[in-house]
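As structure tokens, the structure follows; a few thoughts come after it.
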Amino acid sequence: PVLVVDFGAQYAQLIARRVREADVYSEIVGHDTPVEQILARDPAAVILSGGPSSVYADRAPAVDAALFEAGVPVLGICYGFQAMARGLGGTVAQTGMREYGETKARISDTDSTLFDGQPAEQTVWMSHGDSVSAAPEGMKVTATTPGAEVAAFEDDDRRLYGVQWHPEVLHSSFGQRVLENFLLRGAGIEPTWTRSSIAEELVASARETIGDARAICGLSGGVDSAVAAALVNRAVGDQLTCVFVDHGLLREGEAEQVEKDFVAATGVDLVVVDAQQRFLDALAGVSDPEEKRKIIGREFIRVFEQAARDIAGSADDEGHPVEFLVQGTLYPDVVESGGGSGTANIKSHHNVGGLPDDLQFTLIEPLRTLFKDEVRQVGLELGVPEEIVWRQPFPGPGLGIRIVGDVTRDRLDTLRVADRIAREELTKAGLDRDIWQCPVVLLADVRSVGVQGDGRTYGHPIVLRPVSSEDAMTADWTRVPYDVLARISTRITNEVAEVNRVVLDVTSKPPGTIEWE
Ligand code: XMP
């Protein structure tokens, strides 16, 4: 693999993704990983990421110069560029001047490995305080910016390269080209890591891990668990049983999608547990959002555990015990919980509502090296229906946290219709991929006066919350065209008897969260 050394900012994941977009497999390792360990993995190249710190800061992570003598191609980015300059005997100056955001870089050598075929002036995205003031010996300086005399350098003989700006950020107009030039020309890597090759590899590896044993998988209706299940099903067929807990808090058509379309497309063996009444009973009279979440999580675990025990109990014990629990954990979860560099602890069980450890299964997480967009590609490759693969994020507690007030069957039914109408119109307007998600919220504890036909009504408002986001950490409200909003509003007030008002949420995150509860 190409190893991306993470110096602690949020850039390493983005770099790893961009490398994969160039069809080259990459993984992230912590900056405290010893060089021998990095080299032991026989990396095709190493990329040193940006980081928050100054190379002069207390306890600033340094780079062991042995890395530069090992003959492995290295690219230093931002902080990694400066750490590289220092490690190779150059000088990094504390200029006290910050260069932040977009600026123009002058490329002095457009025949160089990194900048081959690119214009002499390009927009780049910067974020640095210190600057390299003298390049290490043997390094050819290939670019400057207003704030950095040495903004890029390279040494083709030793295959060492560096840039001060962030090529992984889309604002750097030739950033991806710079990365690709490093990977394909500088490091001479063949770009063979394609979506179909990933799917095949993951299937083979799941087959090897599971062997003759049996596995179970909790389906949530979401993309990740569906793709994980499809993958393991492809690997071991009917040794896998999937459990889908229908808690009644799903949107219209979702349970059917899992029960019919998903099964038809993938052939998985599915057990559906109808737990709707159980969840309604447990939620009766509860309006506090956190309490709702706790109840839903707790009931979910109980139902799943029981189903898992039933399946284990019915399994043919002679040689085929249920040994594995399949989870749809993704790479960002693995990296964020410190497991990026190997087998270290992972954020287990997060997909099926925090299943307890005493379930006594070995976890298998076939997607733990993938990013979301890659999971979607693998899903398509495995024949998972598009409606599931392209599904918007939907919270585990479902519509339970989209009813402001306590949850009843009637309120769920009302919200389901309003939600279906909003989804239909957004889809019709071709906006599905522009919107990250659009919660539809029923203000069940609020009433407002309306007039319909000749009569006064006293109904409830529905809130539309369309948001655009990259990762749900921050979000902006989506400027949905007025005519689309008008159609949604007209249809909801006409077709949903209890609703006489539709309002639009125009709050970004922060300060508002995406969900209302
Ligand atoms: P917020 O509302 O915190 O949501 O801005 C961020 C993202 O997480 C989803 N979300 C949840 N997902 N269980 C989940 O599995 C939850 O309790 C939960 N709360 C919010 C939300 O839909 C958005 O995508």
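No lab work stands behind these numbers, since they all come straight from the coordinates. Note that the structure is predicted; figures quoted are calculated from it, not measured. Glycine gets a Cβ as well: all are built from the backbone with ideal geometry, and neighbour counts include every protein chain shown.
Tabulated values for the structure
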quantity	calculated
Gyration tensor over alpha-carbon atoms, the range 93-140, equivalent ellipsoid semi-axes in Å	22, 17, 7
Cα centroid separation - the range 267-295 against the range 446-501, whole Å	26
Between the range 126-168 and the range 10-40, the alpha-carbon center distance in angstrom	20
Summed residue charge, Cβ within 12 Å of GLN122's Cβ, Lys/Arg positive, Asp/Glu negative	+1
Translational D in µm²/s for the range 57-154 (Stokes-Einstein at 37 °C, 0.692 mPa s, Kirkwood Rh from C-alpha pairs)	234
Cα-based helix-to-principal-axis angle, 11-21 vs the chain, degrees rounded to 10	90
Mean Cβ count within 10 Å, highest first, over the residues of peptides 411-420, 29-38	411-420, 29-38
Hypothetical label at ASP434: residues of the range 464-496 whose amide nitrogen lies under 15 Å (7 Å Cα-Cβ projection)	466-469, 476-488
Estimated dipole of the chain in Debye, rounded to 20 [Cβ of Lys and Arg +1, of Asp and Glu -1, Cα centre]	1380
The chain: antiparallel DSSP beta bridges as a percent of all, rounded to 5	45
Alpha-carbon gyration tensor eigenvalues x 5, square-rooted, for the range 76-233, Å	41, 18, 16
Unit charges at the beta carbon, dipole of the range 1-63: most positive-side option, PHE7, ALA62, PRO52	PRO52
Helix 195-210 vs. the chain, principal-axis angle (Cα, 0 to 90°, nearest 10)	70
Cα principal axis extents for the range 461-517, largest first, Å	35, 25, 14
Burial ranking of peptide ranges 362-369, 450-457 (average Cβ count within 10 Å, highest at the top)	362-369, 450-457
The chain: radius of gyration and largest Cα-Cα distance (Dmax), Å	26.4, 86
30 Å Cα-Cα threshold exceeded, pairs from LYS292/LYS509; LYS104/LYS140; LYS292/LYS428; LYS260/LYS509	LYS292/LYS428; LYS260/LYS509
Residue among PRO439, THR457, TYR331 farthest towards the positive dipole end of the chain, charges placed on Cβ	THR457
Square roots of five times the Cα gyration tensor eigenvalues for the range 364-430, Å	29, 17, 9
Burial ranking of peptide ranges 76-82, 1-7, 430-436 (average Cβ count within 10 Å, highest at the top)	76-82, 1-7, 430-436
Angle between the chain longest axis and helix 482-495 axis [Cα atoms, degrees, rounded to 10]	20
Diffusion coefficient, µm² s⁻¹, Stokes-Einstein with Kirkwood Rh over alpha-carbon pairs of the range 408-504 at 25 °C and 0.890 mPa s	176
Signed unit charges on C-beta, dipole axis of the chain, positive-most listed residue ALA255, ILE401, ALA120	ILE401
Proximal charge balance of ARG18 [Cβ under 13 Å; K/R count +1, D/E count -1]	-3
Kirkwood Rh in Å, taken over the range 165-291 so that all alpha-carbon pairs contribute	18.3
Kirkwood-based shape ratio for the range 2-186, expressed as Rg/Rh from alpha carbons	0.92
Value of [θ]222 nm, deg cm²/dmol, for the chain, DSSP H segments ≥ 4, -39500 (n - 2.57) each, nearest 500	-9000 deg cm²/dmol
Neighbour net charge for VAL449 - beta-carbon separation under 13 angstrom, K R +1, D E -1	+3
